Amino acid sequence: MELIKTSTNYKNGKFQNISFTPVLTEGYSMTVIMWDFLFKKFPRQKPTDIIPSIKTDLLKLPADSNVLVWFGHSSYFMQVGGKRFLIDPVFSGNAAPIPGNNKSFKGTDIYTAADMPEIDCLLITHDHYDHLDYETVIALKDKVKTVICGLGVGSHFEHWGFDKNVIIEKDWNEHVTLDKGFTIHTAPARHFSGRGFTR
């Protein structure tokens, strides 16, 4: 918390976007959004069939091969220069605190944590349920060497039993230098963080 308080992006008890970003689109209210969600039907919100996908055996990839595998939404596996990166993995099939509330589309749910090799660096962009999945990170815990995340997100990992020495938290416009000449730069986003009703 002390580190968060030193951030120039943290004001009035929460992180602020660089550009003004209203919580709701102009002309909308939470009442209208809830009404639409509960009572309106919107066409073409879900695929009508299984999304085509190919499952790569990540455990058998040669260490010197450079690959990028997209799992859907913001989840990726990258192997570059012999290093393995996993970004925002969600393998539980559900991206919400309530089971079955935000299920993966068929075809994007073909990987599990067991399919992942040892991960040099787990990158978590923010702590929304569709980016930071408790079930997935717990299943990956023994495979992850380093976790890099935004300020405040590391507290989830500490609470879930990760060794605090493997967690690196960074603010926007900072960087992390890894071995073998790798540097990870943290860039601003126009979004918000928080789980449940707390931002």
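The values are calculated or read from the model by the stated rules, or taken from the named source; none is laboratory data. Only a predicted model underlies this, so the values are computations on that prediction, with no experimental measurement involved. Neighbour counts are summed over all protein chains in view; Cβ atoms, including those assigned to glycine, are modelled from backbone coordinates with ideal geometry. SASA here: full protein model, heavy atoms, side chains in, ligands and nucleic acids out. Shrake-Rupley method; radii C 1.70, N 1.55, O 1.52, S 1.80 Å.
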Counted residues, the range 54-76 - those being surrounded by 14 or more Cβ atoms within 10 Å (Cβ to Cβ) and out of contact with any strand residue (DSSP E or B) (no Cβ under 9 Å at 6 or more places or on another chain): 2
- line: Those residues of the range 32-67 which are within 24 Å of GLU118 (Cβ to Cβ), modelled with pLDDT of 90 or more, among the hydrophobic types (A, V, I, L, M, F, W, C) and part of a loop (DSSP other than H, G, I, E, B) amount to ILE54, LEU61
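For SER7, state whether it is surrounded by 10 or more Cβ atoms within 10 Å (Cβ to Cβ), touching a residue at least 60 places away in the same chain (Cβ under 8 Å) and touching an Asp or Glu at 6+ places or on another chain (Cβ under 6 Å).
Numbers: surrounded by 10 or more Cβ atoms within 10 Å (Cβ to Cβ): yes; touching a residue at least 60 places away in the same chain (Cβ under 8 Å): yes; touching an Asp or Glu at 6+ places or on another chain (Cβ under 6 Å): yes.
When the stated conditions are applied, SER7 passes them.
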query: When the range 146-177 is examined, which residues are found to be open to solvent by less than 20 Å² (accessible area, probe 1.4 Å), within 13 Å of THR125 (Cα to Cα) and in contact with a helix residue (DSSP H, G or I) (Cβ under 7 Å, 6 or more places away or on another chain)?
result: VAL147
message: Residues that are open to solvent by less than 20 Å² (accessible area, probe 1.4 Å) and touching a helix residue (DSSP H, G or I) at 6+ places or on another chain (Cβ under 7 Å): does the range 77-89 have at least one?
response: yes
